[in-house]
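A.B. asks: The structure under discussion is supplied below as C-alpha cells; questions concerning it will follow.
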Amino acid sequence: MGVGVSLSSLASAVAREGAIGVISGVQIGYDEPDFLSNNNEANVRALKKHIKRAKEFCGDGILGVNLLTAMKNYKEMVAVAVEMKIDLIISGAGLPLDLPTLVEGSQTKIVPIVSSGKAAALISKVWDKKYKRIPDMVIVEGPEAGGHLGFSKEELAKNEFKPLEELVTEVIEAMKPFEEKYKKQVPIIAAGGIYSGEDIAKFIKLGASGVQMATRFVATEECDAHINFKNSYVDAKKEDIRLVQSPVGMPGRAVDNEFTKKLDKGNIPVKRCYDCLIPCNPATTPYCISQALIQSVTGDMENGLVFAGTNAYKIDKITTVKDLINELCEEANSYL
C-alpha cells in the first residue's frame, strides 16, 4: 500500500470501524515540498504528520505503521513511530531481526511479515535468544498478494509454491513452541489474495486470528491514492494482473499498463536516485521503483507502477470503508 496508497485518511477510516488501520511508511514524504532535496527529513516529518492526523480521526482505534526492513532509514523511521506512540510496527521485505531493540521501553507491538514457517521460527528464535521476547503477532503473506512477494519469480511462474492455507497452518505450528515457552497466544494473520467475507471465515476456521487485506481497500473513497489509481483497479481485467521484477530483487504483482509494457521492452533509465532501499543499485537497476510508485499514486498511470493483489480485477466500483467493512463482516459471520 506504499508509496502513499494507505496514509492517514485510509488508516484512520479503517481504525474507526474497529479494524487495524495501517499507514505505509515507505517514501511517505513524497508530497513534502523538500522531498527531492531533503529526502530523509521529509519522510520523518511526513510520518509524524500522518500518525498525528490519523490519531485525531480514528478515536480509540488501533493504528499501525508498515516499515520495510530494506529501507535505508529503517531504524530512524521505527524510532519516529515509537516516539509518536504508534500501536504496532509491521515489518517485511527482509527479516527484522533487530526490531525488538528498536522499540525497547515502549508499548509498541512488533509484527513481522513472513512467507514460511521457517522464517517465523527463525525470527522468533533470534528474538527469544537476544531479546527475551517473541512477536506480538505474525502476518503470513502468501503468493497471491500485491506488491513485493516473498517468493522467487521462478516459483511464481511455475506455480511451485505452497498455497496460503498451507502456509498459515505451517506458521501456526512453528509458533507453538514459542507460545508454550512464553505462555501466551501469538495471533497469526493470513494475508495475500483474501477478497471476501467467505475468505475471512475460511482462514478463521483454519486457526488464523484474523486477516490482512489491502487490495479491496484501494477502491474506497478514503484511500489516499489518486482517483486514477483507484480506477485502474476498477477497470482491470483478470489478464491485466501480472508479475513484474522489482529493483530490490523480488518479484511483485501489479496491474498491466503502459509502464509495465515499457519494462517488457527493457530498462527505464534512472534519472535520479532516492537512495531509499538497501538492495537497490542505481547503476544496474532496471528502473527507479520510488519514482514509479510516486507517479502512479499521484495519477500518472502511463509512467507509474500500480501494485495490486491477484483479485484486484474483481473490483467493479469505489465504495466507502464503512460499507466495505460491514459487507465483509456480515458475509464472514454468515459463513462462521
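The values are calculated or read from the model by the stated rules, or taken from the named source; none is laboratory data. Note that this is a predicted model, so its numbers are computed, not measured. Cβ sites come from the backbone with ideal geometry, for glycine too, and all protein chains shown count toward neighbours.
A.B. asks: Between residues in region 128-145 that are in contact (Cβ under 8 Å) with a residue 40 or more places away in the chain and residues that are basic (Lys, Arg), which pairs lie under 6 Å by C-beta distance while being six or more apart or on different chains?
C.D. replies: Here the result reads 136/109, each pair linking region 128-145 to a residue that is basic (Lys, Arg).
A.B. asks: Among 201, 219, 236, which is more than 15 Å from the chain's Cα centre (by Cα) and farther than 29 Å from residue 336 by Cα?
C.D. replies: Going through 201, 219, 236 in turn, just one is more than 15 Å from the chain's Cα centre (by Cα) and farther than 29 Å from residue 336 by Cα: 236.
A.B. asks: Another question, if that's okay. Residue 165: modelled with pLDDT of 85 or more and out of contact with any Cys (no Cβ under 6 Å at 6 or more places or on another chain), yes or no?
C.D. replies: yes
A.B. asks: As an exercise: evaluate residue 188 against (1) of a type in the set (Val, Ile, Thr); (2) farther than 16 Å from residue 315 by Cα; (3) in contact with a Leu (Cβ under 9 Å, 6 or more places away or on another chain); (4) surrounded by 21 or more Cβ atoms within 10 Å (Cβ to Cβ) and give the number of the one condition it does not meet.
C.D. replies: The number of the failed condition is (3).
A.B. asks: Another question, then. Out of everything in region 35-47 that is modelled with pLDDT of 95 or more and touching a helix residue (DSSP H, G or I) at 6+ places or on another chain (Cβ under 6 Å), what residue ends up being farthest from residue 5 (Cα to Cα)?
C.D. replies: 44
A.B. asks: Now a separate question. Could you please let me know if residue 318 is surrounded by 21 or more Cβ atoms within 10 Å (Cβ to Cβ) and among the hydrophobic types (A, V, I, L, M, F, W, C)?
C.D. replies: The answer is no for residue 318.
A.B. asks: Give me the pairs, please: first residue somewhere in region 225-245 and of a type in the set (Asp, Glu), second residue anywhere and surrounded by 14 or more Cβ atoms within 10 Å (Cβ to Cβ), beta-carbon distance under 7 Å, and either six or more positions apart or on two chains.
C.D. replies: Partner pairs satisfying both residue conditions: 240/255; 240/256; 240/313.
A.B. asks: A further question on this structure: Residues in region 261-297 that are buried (at least 18 other Cβ atoms within 10 Å of the Cβ), modelled with pLDDT of 80 or more and not aliphatic (A, V, I, L, M): how many?
C.D. replies: Going through region 261-297 one residue at a time, the tally reaches 6.
A.B. asks: Here's a check for you: in region 20-39, which residue that is of a type in the set (A, V, I, L, M, F, W, C) and touching a Leu at 6+ places or on another chain (Cβ under 9 Å) is farthest from residue 73 (Cα to Cα)?
C.D. replies: 20
A.B. asks: Pairs please, first residue from region 196-207 and at pLDDT 95 or above, second anywhere and in a helix (DSSP H, G or I) and crowded, with 20+ Cβ neighbours inside 10 Å, Cβ atoms under 6 Å, 6+ apart in sequence or on different chains.
C.D. replies: 197/328; 206/168; 207/172
A.B. asks: For region 195-224, which residues satisfy the criterion of being of a type in the set (Phe, Trp, Tyr) and over 26 Å from residue 176 (Cβ atoms)?
C.D. replies: 195, 217 - these are the residues of region 195-224 that are of a type in the set (Phe, Trp, Tyr) and over 26 Å from residue 176 (Cβ atoms).
A.B. asks: Then there is this: Given the residues 18, 59, which is the only one that is part of a loop (DSSP other than H, G, I, E, B), more than 23 Å from residue 274 (Cα to Cα) and at pLDDT below 95?
C.D. replies: 59
A.B. asks: Just checking, does region 55-63 include any residue being surrounded by 23 or more Cβ atoms within 10 Å (Cβ to Cβ) and under 24 Å from residue 191 (Cα atoms)?
C.D. replies: Yes - at least one qualifying residue is present in region 55-63.
A.B. asks: Is it the case that residue 270 is β-branched (Val, Ile, Thr) and assigned to a strand (DSSP E or B)?
C.D. replies: Details: β-branched (Val, Ile, Thr): yes; assigned to a strand (DSSP E or B): no.
No: the conditions fail for residue 270.
A.B. asks: Within region 302-315, identify whether any single residue is buried (at least 18 other Cβ atoms within 10 Å of the Cβ), β-branched (Val, Ile, Thr), touching a Ser or Thr at 6+ places or on another chain (Cβ under 7 Å) and part of a loop (DSSP other than H, G, I, E, B), and answer yes or no.
C.D. replies: Scanning region 302-315 turns up at least one residue that is buried (at least 18 other Cβ atoms within 10 Å of the Cβ), β-branched (Val, Ile, Thr), touching a Ser or Thr at 6+ places or on another chain (Cβ under 7 Å) and part of a loop (DSSP other than H, G, I, E, B).
A.B. asks: Of everything in region 53-71, what is under 17 Å from the mean Cα position of the chain (by Cα) and farther than 13 Å from residue 87 by Cβ? Give them in sequence order. Walk me through it before giving the result.
C.D. replies: Taking region 53-71 as the starting set, the residues that turn out to be under 17 Å from the mean Cα position of the chain (by Cα) are 62-71.
Matches in region 53-71: 67, 68, 69, 70, 71.
A.B. asks: Just a yes or no: is a residue in region 313-320 in contact with a helix residue (DSSP H, G or I) (Cβ under 7 Å, 6 or more places away or on another chain) and among the acidic types (Asp, Glu)?
C.D. replies: Yes, because at least one residue in region 313-320 is in contact with a helix residue (DSSP H, G or I) (Cβ under 7 Å, 6 or more places away or on another chain) and among the acidic types (Asp, Glu).
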